[in-house]
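Report on one structure; see the data block that follows.
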């Protein structure tokens with residue numbers, strides 16, 4: 001049961017205890033632990049989450065909590081309504097990009113502050129106490145009034161410079177990953193004059209093993225659609241809509257480190273005082289920037305939100321494709337990331353997205369995110385330590401080998417039972433050499449042969 005409490009949110013399958021009884025116990029524990037009087041709640045497109053939503057609503061209502069019902073939505077909508085309503089907290093029922101059998105919960109406190117580690121442990125213990133007391137709440141069947149979708153879409157449009165609406169017609173492919181963003185994007189595109197070419201746009205009818213835009217089949221479908229429609233570029237959301245991946249007109253995915261750098265340039269041009277938060281999975285794409293603008297953070301949405309709010313940063317990004325904005329209280333928004341890129345494109349009239357990111361790709365050679373599982377993190381780390389005994393290493397967030405011209409980063413995923421590896425270099429020959437070295441090290445040990 002405790003395994004479903006991941007480092008910063010709840011993820012698991014029903015067979016491991018993430019069921020209606022758990023949601024009822026969690027709801028009671030959450031409200032009592034944090035003295036909740038008002039609460040924003042929403043759910044993603046997984047069918048089981050609608051059932052959980054009814055249980056959640058029923059339980060907190062019986063406690064006398066005022067509920068702001070967002071219903072079927074993207075996670076960023078819960079953040080928005082938590083800020084707009086000044087509610088005590090927000091809860092989103094989502095398993096994000098995880099496989100379809102997974103269920104989950106994300107949560108924030110007032111003003112979208114994430115739970116700190118001590119609060120999270122207290123919540124876990126209190127939830128388990130409630131659970132073992134066999135507490136369970138049946139849905140009371142009250143008529144629920146949901147918040148208008150236009151409230152959030154109108155807010156998003158206010159972040160866009162009005163001069164760039166309908167300036168240059170663009171054709172954009174959008175992989176909705178069968179998420180609730182289909183309820184927002186068409187109206188936004190219509191207002192700003194973008195031709196929408198949708199794929200995977202039927203809510204809840206998932207076409208892949210997971211609503212994950214970086215799956216091989218999802219990338220292939222995006223590439224095919226962009227090429228056959230001659231679109232200007234493409235974007236792809238994950239299952240709860242707060243993550244956004246970008247594709248160029250040639251159908252190739254653009255790594256988040258380059259989009260992150262592109263939007264960073266946008267904020268730096270606006271203000272010399274800007275501050276930008278970034279994770280440490282991939283960093284060489286920032287080599288050309290003045291480091292005074294950047295503050296590092298550990299990966300994960302709670303760490304990034306905490307850093308955004310602590311430093312009052314304007315913007316932040318993770319190499320997973322999550323982009324954070326002070327306009328949304330320091331929270332991540334896939335749609336806001338798209339709107340920033342759209343505005344940058346309009347500011348550079350006639351320049352393609354592919355051309356705009358080339359300056360960050362120049363002299364940056366990067367493996368992309370390499371995932372593998374079923375092996376011990378410490379075993380892999382020790383193999384790499386033994387292979388590069390004189391390297392400068394750190395364990396700020398995972399394990400990193402730092403050299404002047406190449407870098408390796410290894411970390412455990414906080415949302416899946418997966419280990420992730422990233423390799424980058426400033427020189428092509430050196431990059432090829434290190435890829436071969438690391439491939440040999442891990443393959444000889446029977447661990448990894450995907451490089």
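The values are calculated or read from the model by the stated rules, or taken from the named source; none is laboratory data. Quick caveat, the model's predicted, so the values are computed rather than measured. We place every Cβ from the backbone using ideal geometry, glycine too, and count neighbours over all the protein chains shown.
Structure data summary
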quantity	calculated
Residues of the stretch 19-48 satisfying the condition of being in contact with a strand residue (DSSP E or B) (Cβ under 6 Å, 6 or more places away or on another chain) and buried (at least 24 other Cβ atoms within 10 Å of the Cβ)	39, 40, 41, 42, 43
Count of the stretch 146-187 residues which are in contact with a strand residue (DSSP E or B) (Cβ under 8 Å, 6 or more places away or on another chain) and not in a loop (DSSP other than H, G, I, E, B)	13
Scope the stretch 40-56; condition in a strand (DSSP E or B) and farther than 11 Å from residue 27 by Cβ; matching residues	40, 42, 43
Residue 99, sole failed condition from (1) surrounded by fewer than 22 Cβ atoms within 10 Å (Cβ to Cβ); (2) touching a strand residue (DSSP E or B) at 6+ places or on another chain (Cβ under 7 Å); (3) in a loop (DSSP other than H, G, I, E, B)	(2)
Restricting the stretch 57-75 to residues that are part of a loop (DSSP other than H, G, I, E, B) and either out of contact with any helix residue (DSSP H, G or I) (no Cβ under 6 Å at 6 or more places or on another chain) or modelled with pLDDT of 95 or more (or both), the residue that is nearest to residue 218 (Cα to Cα)	74
Hits in the stretch 76-88 (condition: buried (at least 24 other Cβ atoms within 10 Å of the Cβ) and not in a helix (DSSP H, G or I))	87
Any chance residue 393 is more than 24 Å from residue 300 (Cα to Cα) and touching a helix residue (DSSP H, G or I) at 6+ places or on another chain (Cβ under 9 Å)	no
Leading residue by the ranking (farthest from the chain's Cα centre (by Cα)) among those in the stretch 357-397 that are part of a helix (DSSP H, G or I) and without any contact (Cβ under 8 Å) to a residue 24 or more places away in the chain	386
Listing of strands (runs of 3 or more DSSP E) fully contained in the stretch 223-293 that carry 1 or more residues being within 22 Å of residue 365 (Cβ to Cβ)	244-247, 276-278
Matching residues, the stretch 188-207, being free of Cβ contacts under 8 Å to residues at least 24 places away in the same chain and out of contact with any strand residue (DSSP E or B) (no Cβ under 6 Å at 6 or more places or on another chain)	190
Single match in 318, 327 (criterion: more than 29 Å from residue 395 (Cβ to Cβ) and either surrounded by 24 or more Cβ atoms within 10 Å (Cβ to Cβ) or under 18 Å from the mean Cα position of the chain (by Cα) (or both))	327
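A quick yes/no check of all residues on (1) surrounded by 14 or more Cβ atoms within 10 Å (Cβ to Cβ); (2) closer than 25 Å to residue 254 by Cα; (3) out of contact with any strand residue (DSSP E or B) (no Cβ under 6 Å at 6 or more places or on another chain):
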residue: 355; (1), (2), (3): no, yes, yes
residue: 366; (1), (2), (3): yes, yes, no
residue: 376; (1), (2), (3): no, no, yes
residue: 384; (1), (2), (3): yes, no, yes
residue: 387; (1), (2), (3): yes, no, yes
residue: 395; (1), (2), (3): no, no, yes
residue: 408; (1), (2), (3): yes, yes, no
